[in-house]
Amino acid sequence: MTNILICGISGKMGGNVLSLLENDPEAKAVCGVDFYPKQLSVPVYKTFSEVKEPVDVIIDFSSPEALEDRLKFAEEKGAGIVLACTGFSEKELALVDEYSARVAIFKTANLSLGINLMQALCKAAAEVLGEAFDVEIVERHHNLKKDAPSGTALMLADSINEVFDGKKKYVEGRSGIVGARTREEIGIHAVRGGTIVGEHEVMFAGEDEILTISHSARSKRVFAAGAIRAAKFLAGKAPGKYDMQNLLNS
């Protein structure tokens, strides 16, 4: 049985994880940590220093804020951590790299199985279509999402750019007299509105034809389920950085 601490348990995603774990035969939520604790079916603490329960893996659906507190706790307890939030700064990403020498860290821009298949399909399309097709990415999310473009959109762009040896530059939206589009661009556009869970569309536009690869998440539970799957995979793993490809290959 994998003992899971849910960071950000008072939020919507934390609540989804807690709900799914209630009927999971292989893992259970033992407690949660949240800046805004509320009464739930497991103990909820405001800080990691208050945690008394044994923890195998942390599922973190909070925010990049106070990231080091989570990583320190994971190191002290010998626990793994699934970083399920996005919007990390370069400094915070460097911190993740530093702690991965001592902590098993699972980090991915998107925990959906479908999105990770989409990533592979987009890379394959770029290999076949090459420079003859322009690549544009559109991502759509709810009006409460704080970071833009989404981590998933950047993940898709990075996968495509690998085909071109990283030579493509990212253009985030366009405004004014920007001139003709160059072959060196990957356009990335963010839409925010309503309660859109998450939609990503990659368009390969060539001469007289367009190929579009898209994915639409209809419920946030798909990400919660992916986080639990990642936590089970991570339990007992040696320190290092892991992602969805490691999980799928296993």
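Read-outs: derived from the displayed coordinates by stated rules, not from any lab. Not measured: the values here are computed from a predicted model. With ideal geometry, Cβ positions are generated from the backbone for all residues, glycine too; neighbour counts draw on all protein chains shown.
Here the extension length gained between Lys52 and Phe35 equals 4.4 nm, from 0.36 nm per residue of separation less the Cα-Cα distance.
Between the entries (1) 19.3, 63; (2) 17.2, 54; (3) 22.7, 79, the label attached to Rg and Dmax of the Cα atoms in Å calculated for this structure is (1). For the stretch 1-125, what percent of Cα pairs sit more than 22 Å apart? Roughly 36 percent, rounded to a whole number.
Looking at the chain alone, DSSP beta bridges between its own residues are antiparallel in about 35 percent of cases.
With all pairs of separate Cα atoms included, the stretch 116-235 yields a Kirkwood hydrodynamic radius of 15.5 Å.
Taking 0.36 nm per residue of separation and subtracting the current Cα-Cα distance, fully stretching the chain between Ala124 and His142 would add 3.5 nm.
Cα centroids of the stretch 73-94 and the stretch 1-42: 18 Å apart. Highest average first, the peptides 3-11, 25-33, 178-186, 45-53 ordered by how many other beta carbon atoms sit within 10 Å of their residues are 3-11, 25-33, 45-53, 178-186. Nearest 10 degrees, 0 to 90: what angle lies between the long axis of helix 67-77 and the longest principal axis of the chain (Cα atoms)? Helix 67-77 sits at roughly 50 degrees to that axis. Globularity index of the stretch 188-247 is 1.61 (Cα radius of gyration / 2.2 N^0.38 Å, N = number of residues). Take the Cα of Glu92, step 7 Å toward its Cβ, do the same at Arg218, and the gap between the two points is 3.1 nm. Here the sum of -39500 (n - 2.57) over DSSP H runs of 4 or more residues, divided by the residues of the chain, equals -10000 deg cm²/dmol at 222 nm, to the nearest 500.
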